[in-house]
Each structure stands twice: as C-alpha cells, then as structure tokens.
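Have a look at the structure below, then the notes.
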Amino acid sequence: MKRWLVGVLVVLGLALAQFKAEYKLSVVVGPNTAWGMGAQRFADLVREKTGGRVNIKVYYSGQLFAGQQTNEFQLLRTGVADFALGSTINWSPQVKELNLFNLPFFFPSYKELDAVEEGQAGKAIFQRLRQLGVEPLAWGENGYRQLTNSKRPVRTPEDLAGLKIRVVGAPIFIDTFRALGANPTSMNWAEVLTALQQGVIDGQENPIVGVIIPYKLWELGQRYLTLWNYAIDPVIFAASAATWRTFPPEVQKAVQEAALEAARYQKALARVGTDDGAALRYLNALGVKVEIPDPIAYLEAQGVQVTALTPAEIGRFRERVSGVVQRWMAEIGSTLVVQAEADKKRAR
Ligand code: X2X
C-alpha cells in the first residue's frame, strides 16, 4: 500500500475511533413527558448537528441507575452515563448548591427563576458542576411542584396533618413536609405508582404538566390537587466530563447548540398553560401540536378537585417552613443565596 494512503487511513481511523457507537443518556421519567421528549429532541439534534458522529440513545425511566434516582449524578461523574437530563432534586444530595431550587417558596415566578438560571447564581452552579466532573449544557425544566393526595382538599397546613406524602430521597423535602405537619416518606419514582395504587402513601408532589398529567395520577386515586408552586424543579442538560473531553471543539460546539435548542423546546413543553402564554406561542411557532393547552381545565375534566392557593394562604405554609429555609440557606452557602436574591431582584 502507498505510504500516503496508509497515512490517510490512520488519520481516518483515529477520527472514527474517538467516537463510541452509542452514547448513553439518562432520564428518570418516560418518553411521553416533556422531560422525555426534550431528551429525544436533544439526541436527534445532536445526531443531526454532528453528522451522525455522536449517536445518543435515551435510557428512559431510570434504566441506567436501576431505580435509585439520587445515584444519577454519580453515574454521570464516572461516565457510566455519557449524558443526562437531570433534575436538580435528584442531584442535590451530591451537589448541595442545587438545594437552592428546593427551598420552599423561594421562586415566586418563572421570570425570577429564568433570571437566576441565566444570572450570577446559575453561572456559579454551572461552575460548581464542572468542578465535580460534569459539563452543564443548558437549563431545562420539570416544573413547579404541586401537591396531590387521595384523602381531602389541602388548603391549610392543618389539612396536611398526618397525610403520608412521598417525597424524593433528598433530605430537605423530609424537613419541609415534617415542618408542615405531614408524614413524609422518601421513595424512588419507579415505586411511586404502585405505592399510590396500593394506598401505601396518601399523596405525592410533582409538576402537573411534567408528571401528574402524563402519568394520569388521578387514575391511581390522586383526586385532590393543591396548586402552591412550593418548589421548582429545573432539569440540567449535561455531559459527563469524561465523555466531553473526548470530543473535538467543533463537536462540543454542535452538542452545546443542540442542548440549548432542545432545552428551549423542552422548557416550553413543561410550561404550557402555566405561564402567561409564551410557551404555547413558542410551540405554535415551531409547528408543535399541543394536545393539552389548558392543563388545569383538563385535570378538572378528569374529576380532579383543584385547590389553588391565594398568596395569603401560601403565606401560612411559608411561615411554617421559615426554620427549614434558614437552615438550608446556610447549607447551600450564603454567597450563592445572595447571588440568587440579586438575580431575582433584577427580574422584578
Ligand atoms: O421523582 C420525582 O418526583 C421526579 C420524577 O419528579 C424527579 O425525578 C424529581
């Protein structure tokens, strides 16, 4: 064989060899959620923008971490997962700064949340993730978390008394629901549906568009819904640094662009009918068919009794958790909390 041809083949071989046949992406929920659809969109865009070199397979419903959702961050760090669309809740046991989003009643509006994500605090959080071996690419969203239960309407902290509420295995949620007088128990999402069906738990908390509707929780007896926006659940599009380092700069750029584009679409899907109309307009402009433009009317039509709390009613819950907020702000770190407060203020 000609020398130059050998050279060409070697270079070609190297170029090919640096890509795996399949890159694994972890998601906690199934494909029919905004979160799952965002993951698929990201995979499709990455394939398209890298000319098929980066081929991502989405592993839904926690397949990669075998049900233990608070292990996802570790999987990503070690490169067992190449990518993830990870909830800040599930990563918060390893990344204490992410408890910022778990602070009860800390984010009164999407506008303030977006300002924090795009602002100083969001940048500091991304920097922290990089230090821990995870390359953050974009902010997506599961949504504002609302309460459902099978027993009664919840309008006051007294209504919550004694209700057995499933929360994710992140300690701040146990603290919060204890302070509210409920009986919280931590459980992986993979077990929640059966637990609801069997009445092992009375209630749970999750976003309406992101989880409650796609999983049809009313069919599992969750007939009472309280809208209180008590916590927000961002989803971070991210790569394992171990994988990220193997990509040449032009591939990194393509993957980064794909993440921003997919995240914008994903966030809009998660917010439909719960914002000022911007999400729906954006999706309409993209030509995406939105099946449930009014999620609250839809839930009511399914027989769910919806209790929307007034600001004064929310104030009563907020009072009960003031100690939890103080304690967890110290845990998160005052620098980050001050940055977040400043970011929020700028949005107002
Ligand atoms: O487990 C949950 O409640 C879920 C699906 O919302 C998260 O992964 C945080």
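The values are calculated or read from the model by the stated rules, or taken from the named source; none is laboratory data. Keep in mind that what you see is a predicted model, and the values were worked out from it rather than measured. Note that each Cβ is placed from the backbone with ideal geometry, even for glycine, and that neighbours are counted across all protein chains shown. For accessibility, only protein heavy atoms count, side chains too; no ligands or nucleic acids. Shrake-Rupley method; radii C 1.70, N 1.55, O 1.52, S 1.80 Å.
Normalised Debye scattering of the stretch 242-310 at q = 0.14, 0.17 Å⁻¹ gives log10 I(q)/I(0) of -0.61, -0.73, counting only Cα atoms as equal scatterers and leaving out solvent.
Taking a straight line from the alpha carbon of Lys216, these aspartates and glutamates sit under 17 Å away, with near neighbours fewer than eight places off in the same chain left out: Glu191, Asp202, Glu205, Glu291, Asp294, Glu300.
Other residues whose C-beta falls under 10 angstrom from the C-beta of Trp328 contribute a net charge of 0, scoring Lys and Arg +1 and Asp and Glu -1.
Placing a label point 7 Å from the Cα of Ser322 along the Cα-to-Cβ line, the residues of the stretch 158-174 whose backbone N sits under 19 Å from it are 158.
Spatially, the stretch 255-285 and the stretch 71-104 are offset by 22 Å when compared through their Cα centroids. I want to make sure I understand the PRE zone here: with the label point 7 angstrom from the Cα of Asn183 toward its beta carbon, which residues in the stretch 196-236 have backbone N atoms less than 12 Å away? 200-203, by backbone N distance to the label point.
The 3J(HN,Hα) values that the Karplus relation (6.51, -1.76, 1.60; θ = phi - 60°) gives for the stretch 252-259 are, in residue order, 4, 5, 5, 5, 4, 5, 4, 5 Hz. Gly and Pro appear as x.
The residues neighbouring Val95, those whose beta-carbon lies less than 12 Å from its own, together hold a net charge of +1 under the Lys/Arg +1, Asp/Glu -1 convention.
Here's how it looks for Tyr23: its modeled amide H is under 5 Å from those of Asn55, Ile56, Lys57, which are all 5 or more places away or on a different chain. Pair-distance distribution P(r) for the chain, from all Cα-Cα distances in 10 Å bins starting at 0: 5, 25, 33, 23, 8, 3, 2, 1, 0 percent.
Return the subset of Lys49/Lys123; Lys57/Lys164; Lys20/Lys111; Lys24/Lys267; Lys151/Lys345 for which the Cα-Cα distance in this structure is over 29 Å, preserving the input order. Table pairs above 29 Å Cα-Cα are Lys57/Lys164; Lys20/Lys111; Lys151/Lys345. Rolling a 1.4 angstrom probe over the protein heavy atoms with all chains in place gives the chain an accessible area of 42 Å² per residue.
Only protein atoms count toward the accessible area here, which uses a 1.4 Å probe; on the stretch 19-347, the carbon and sulfur part of that area reaches 50 percent. Each Cα pair of the stretch 277-348 feeds into the Kirkwood radius, which the Stokes-Einstein equation turns, at 20 °C and 1.002 mPa s, into a diffusion coefficient of 131 µm²/s.
DSSP beta bridges confined to the chain are antiparallel in about 60 percent of cases. Each residue was assigned an accessible area with a 1.4 Å probe, and for Lys151 the value is about 120 Å². Based on Cα atoms of the stretch 98-215, Rg over Rh with Rh as the Kirkwood radius reads 1.01. Note on Glu191 and Ala124: the extension gain reaches 20.7 nm, defined as 0.36 nm multiplied by sequence separation minus the Cα-Cα distance.
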